[in-house]
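Scroll down for the structure; my scribbles are underneath it.
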Amino acid sequence: MSIAYLKTGKPAADRAEEDAQVAGAVAATLKDIETRGDVAVRELANKFDGYDRETYRLTDAEIEEIIAQVTPREMADLKFAQAQVRNFAQAQRDSMLDIEVETLPGVILGHKNIPVQSVGCYVPGGKFPMVASAHMSVATASVAGVPRIIACTPPFNGVPNPAVIAAMHIGGAHEIYVLGGIQAVGAMALGTETIDPVHLLVGPGNAYVAEAKRQLFGRVGIDLFAGPTETMIIADETAADAELCATDLLGQAEHGYNSPCVLLTNSEKLARATMAEVERILTILPTAD
């Protein structure tokens, strides 16, 4: 059987050109933040998020007011999810034992697990609030015992997203900023007049956030290069149906416009049926754009 591509993404040359443009834009923006600090951050927040305020850090009163908008059911769901993350993170931490041994008289060797002193957690949310990212970054840093945890998330539809802010707060964030994109990552890593720099950056983001973390690596630590979410489904018509394949593909594709999603199959019937299901589901999906 020969290989046939029924539908493909952008050509490699186009993707390479986009990557180069992103890298250039990020480098210039980080330099601007390093040079002009809060002024640059405010200009970027206005330009990309349409969000302006005297300081982007939420006060305790603002956090309480925002969290009050979360319904009891949503709060219960947040606490349940965070408890699962915390419990496993604690089990992981408990498995990392400190050791100290005297291998020869007076020769003492060992290691200690010491948390970093500050961490900046980025939680995406400009197009679609990623509440789970707050659990996975802020709550785990809290379990690790990090003394200073700051968290940034962009406004959603012009205002802070209540569920994300609630997840950050109950997760243990000491400072919460309504900032997105390069301006958030750059401010946390480089510092400004009002934001002290952190030692470690964690959290996913779009292509610009991922590239900013790549360029900042070395000046600060990072968790990993979390680029666009990608998925690959390998299926035949005996063990999968088109609706299930389409749902899985779209479930990952909604993370971002450049999230690659692939279906690899030896059934042209399943492939074409999946493509039809994708188009059908897009007519009813809130995140169709």
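Worth pointing out:
- Over the C-alpha trace of region 164-228, radius of gyration and Dmax come out as 11.7, 32 angstrom.
- Note on the chain: with neighbouring protein chains present and a 1.4 Å probe, carbon and sulfur make up 57 percent of its accessible heavy-atom surface.
- Residues of the chain were split at every exposed loop site, defined as chymotrypsin sites (Phe, Trp or Tyr not before Pro) in a DSSP loop with at most 13 other C-beta atoms within 10 angstrom, and the longest piece left, sites excluded, is 6-224.
- Per-selection Kirkwood Rh - region 141-195 (Cα, Å, 1 d.p.): 11.9
- Other-chain or far-sequence residues with amide H under 5 Å of residue 262's (modelled H): 231, 232, 233
- Each residue of region 134-289 gets 140 Å³ once the volume of the Cα convex hull is shared out per residue.
- If the convex hull is drawn through the Cα atoms of region 19-75, its volume per residue in Å³: 128
- Over the residues of the chain, the helix contribution to mean residue ellipticity at 222 nm works out to -14000 deg cm²/dmol, using -39500 (n - 2.57) for each DSSP H run of at least 4.
- With a Cα cut-off of under 19 Å and a minimum spacing of 8 residues unless on different chains, the lysine pairs in the chain number 4.
- Relative to the longest principal axis of the Cα atoms of the chain, the long axis of helix 268-282 makes an angle of roughly 60 degrees.
- Of the trypsin sites (Lys or Arg not before Pro) in region 39-135, the ones in a loop by DSSP (not H, G, I, E or B) with at most 13 other beta carbons within 10 Å are 53, 112.
- Our Cα-only numbers for region 72-139 put the radius of gyration and Dmax at 18.6, 61 Å.
- Reciprocal of mean inverse Cα separation for region 197-242 (Kirkwood radius, Å): 12.9
- Mean projection area, nm², convex hull over Cα of region 194-280: 7.6
- With respect to the chain, whose longest principal axis is taken over its alpha-carbon atoms, helix 207-216 is tilted by about 40°.
- For the chain, the longest principal axis of the Cα atoms and the long axis of helix 12-36 meet at an angle of about 20 degrees.
- Residue 222 long-range amide H proximity, modeled H, under 5 Å: 201
- Candidates 96, 136, 168: whichever shows maximal mean-square fluctuation once the chain is modelled as a Gaussian network with Cα springs under 10 Å: 96
- Principal axis dimensions, the chain - Cα atoms, whole angstrom, descending: 68, 57, 46
- Long-range tail of P(r) for region 11-161 (Cα pairs > 23 Å, %): 57
- Put the Cα centre of region 162-184 next to the Cα centre of region 58-94 and the gap is 11 Å.
- For region 233-246, Karplus couplings with θ = phi - 60° (6.51, -1.76, 1.60), whole Hz, Gly/Pro x: 9, 10, 8, 10, 6, 7, 10, 8, 10, 4, 5, 5, 4, 5
The values are calculated or read from the model by the stated rules, or taken from the named source; none is laboratory data. Here the structure is a predicted model, which is why all the values come from computation and not from measurement. Every residue, glycine as well, gets a Cβ built from its backbone with ideal geometry; the counts of neighbours run over all protein chains shown. Each accessible area value is taken on the protein alone, full model and side chains, heavy atoms only, with ligands, DNA and RNA left out. Shrake-Rupley method; radii C 1.70, N 1.55, O 1.52, S 1.80 Å.
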